[in-house]
Amino acid sequence: MGNVISEMLFIGQGLLVTLELLFGGLGIGITFGVLFSILRYKGIASILIQRLISLLRGTPLILQLSIVYFSTPAFLGFKLSILSAGILTFGLNSSAYIAEILRSGIENLNKGQFEAAKALDIPTFYMWKDIVLPQVLKNILPAMQSEVIALLKETALISTIGGLDVMRSAQMVSAEKFTYFLPLCIAGAYYYSLVLLIETLGKNLERRGSYA
Amino acid sequence: MLRIHELSIRFGSTLVLDGVSLAVEKASIVGLAGASGGGKSTLLRCIQGLEVPTLGTVHSEGNVGFMFQDFQLFPHMTVLQNLIYAPKLKGSTSYLEKAQLLLSTLGIEDKSNAFPQTLSGGQKQRVALARALMMNPEILLCDEPTSGLDASSIFEVVSLLKSINDEGVTMLIASHDRYFLKTISNRIVDLNKGKIV
């Protein structure tokens, strides 16, 4: 029993890296996702963004992570830390998916809402911030929830470049104790608990966002 | 005063408006009649600037307000928020008093914290009207203000619009309901296949 607890504690230390990757990735993903989708809607650099999204969605994430981590020294002359490489890669990859989710949300919003804002002389920035995005965000909440869960699970790829996340910590325990089942189940339990937390949060947001 | 000169607009290969000229005198109500697809909505949308005409000019003196056929209230805002959002951005200071006055004049002061989905068609109509009036328009464009309303609500819309017109607001009202237009307008203009007939 003491064994299980000490393994749980050790693997739990990886949560910090996993969560840093998740929140950092989400921060970059949402920022660029919103930017990409608005630019695309307005037809600014639309083809360039379309290609970039296609590329980010069309190549393996593990490949993108390897390129960012292993080949930046050759191009930029300095080495990114494992964590920054992870946050950057997961964030940019996620931004492609978030941009597509947002685009469908924006395209499904009644065009009359844009026109009503225009007829009331509402400046463009405020129209997006207060009229369009709040309605779009409410409509895309279920899809966004799936994206956050996918991102969380993808952060486990950081273990391939040596990041000390939940997955890698479990592998370390396995390597030391020559047993796989228990440490991997513990890692699984951590990931699944986080997913359940995200689902609960999502349900609460959906309830709060339903007007009337 | 609203002056439209030789306005034409083409969507693809269809000429939706074909050289429309129209003058609406200050503080009058002009009804726009005609079959659907005749260009009524498009004319209003050109005046508001929601469509860019292919040819011709629109000259309006003063603010133009627009009432959409399907209201287009903001569903994530309460009735009061719908009214005050735009004037607040414009830096108006008396927007709250004005909103409350309008809501009570229109008989929906008890709905100020309700969301649009919970309102009846007639109530939504009044909120849409109030929201347009918050911007102090000198000219009000109404697109099918009676669509989806029952007879008694139509009667209310007529008296509401007339009372607003009494305060000097010029109106251009598009409707397929000629009887409604007769009861409210000083003059009716027929728009058919993009031309005034």
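Data table
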| item | result |
| --- | --- |
| Exclusive hit being closer than 30 Å to A:PHE70 by Cβ and surrounded by 15 or more Cβ atoms within 10 Å (Cβ to Cβ), set A:VAL132, A:VAL173 | A:VAL173 |
| Members of segment B:139-158 that are of a type in the set (D, E, K, R) and within 14 Å of another protein chain (Cβ to nearest Cβ) | B:ASP143, B:GLU144 |
| Residue match in segment A:98-112 (condition: part of a helix (DSSP H, G or I), within 10 Å of another protein chain (Cβ to nearest Cβ) and within 28 Å of B:GLN81 (Cα to Cα)) | yes |
| Check on B:ALA99, under 23 Å from B:MET171 (Cβ atoms) and within 12 Å of chain A (Cβ to nearest Cβ) | no |
| Test: residue in segment B:35-57 that is away from chain A (no Cβ under 14 Å), more than 14 Å from the chain's Cα centre (by Cα) and β-branched (Val, Ile, Thr) | yes |
| Qualifying residue in segment B:69-76 (condition: in contact with a Gly (Cβ under 7 Å, 6 or more places away or on another chain) and away from chain A (no Cβ under 13 Å)) | no |
| Odd one out for A:GLU20, checked against (1) in a helix (DSSP H, G or I); (2) more than 25 Å from A:VAL173 (Cα to Cα) | (2) |
| Count of segment A:109-132 residues which are aromatic (Phe, Trp, Tyr) and touching a residue at least 12 places away in the same chain (Cβ under 8 Å) | 2 |
| Enumeration of residues in segment B:88-122 that are among the hydroxyl-bearing types (Ser, Thr, Tyr), in contact with a Leu (Cβ under 9 Å, 6 or more places away or on another chain) and closer than 17 Å to A:LEU120 by Cα | B:TYR95 |
| Pairs, first closer than 11 Å to A:ALA96 by Cβ in segment A:27-48, second part of a helix (DSSP H, G or I) and among the polar types (S, T, N, Q), C-beta under 8 Å, six or more apart | A:GLY29/A:ASN93; A:GLY29/A:SER94; A:GLY29/A:SER95; A:PHE32/A:SER95; A:GLY33/A:SER94; A:GLY33/A:SER95; A:PHE36/A:SER95 |
| Members of segment A:184-212 found to be of a type outside the set (Gly, Ala, Ser) and either outside any helix (DSSP H, G or I) or more than 20 Å from the chain's Cα centre (by Cα) (or both), listed by number | A:LEU184, A:CYS185, A:ILE186, A:ARG207, A:ARG208, A:TYR211 |
| Strands (runs of 3 or more DSSP E) contained entirely in segment B:113-197, each with at least 3 residues that are surrounded by 19 or more Cβ atoms within 10 Å (Cβ to Cβ) | B:139-143, B:170-174 |
| Segment B:105-132: number of residues that are in contact with a strand residue (DSSP E or B) (Cβ under 7 Å, 6 or more places away or on another chain) and more than 11 Å from chain A (Cβ to nearest Cβ) | 1 |
| Residue that is surrounded by the most Cβ atoms within 10 Å (Cβ to Cβ), among those in segment A:56-76 that are within 27 Å of A:GLN145 (Cβ to Cβ) and touching a residue at least 24 places away in the same chain (Cβ under 8 Å) | A:LEU65 |
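For (1) more than 30 Å from B:CYS46 (Cα to Cα); (2) out of contact with any strand residue (DSSP E or B) (no Cβ under 7 Å at 6 or more places or on another chain); (3) modelled with pLDDT under 95; (4) buried (at least 21 other Cβ atoms within 10 Å of the Cβ), each residue gets a yes or a no:
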{"position": "A:LEU92", "(1), (2), (3), (4)": "yes, yes, no, no"}
{"position": "A:LYS111", "(1), (2), (3), (4)": "no, yes, yes, no"}
{"position": "A:ALA117", "(1), (2), (3), (4)": "no, yes, no, yes"}
{"position": "A:PHE125", "(1), (2), (3), (4)": "no, yes, yes, no"}
{"position": "A:LEU141", "(1), (2), (3), (4)": "yes, yes, yes, no"}
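The values are calculated or read from the model by the stated rules, or taken from the named source; none is laboratory data. In this text the structure is predicted, and so the values were computed from the model without any measurement. Reconstructed Cβ throughout: ideal geometry from the backbone, glycine too, with neighbour counts over all protein chains shown.
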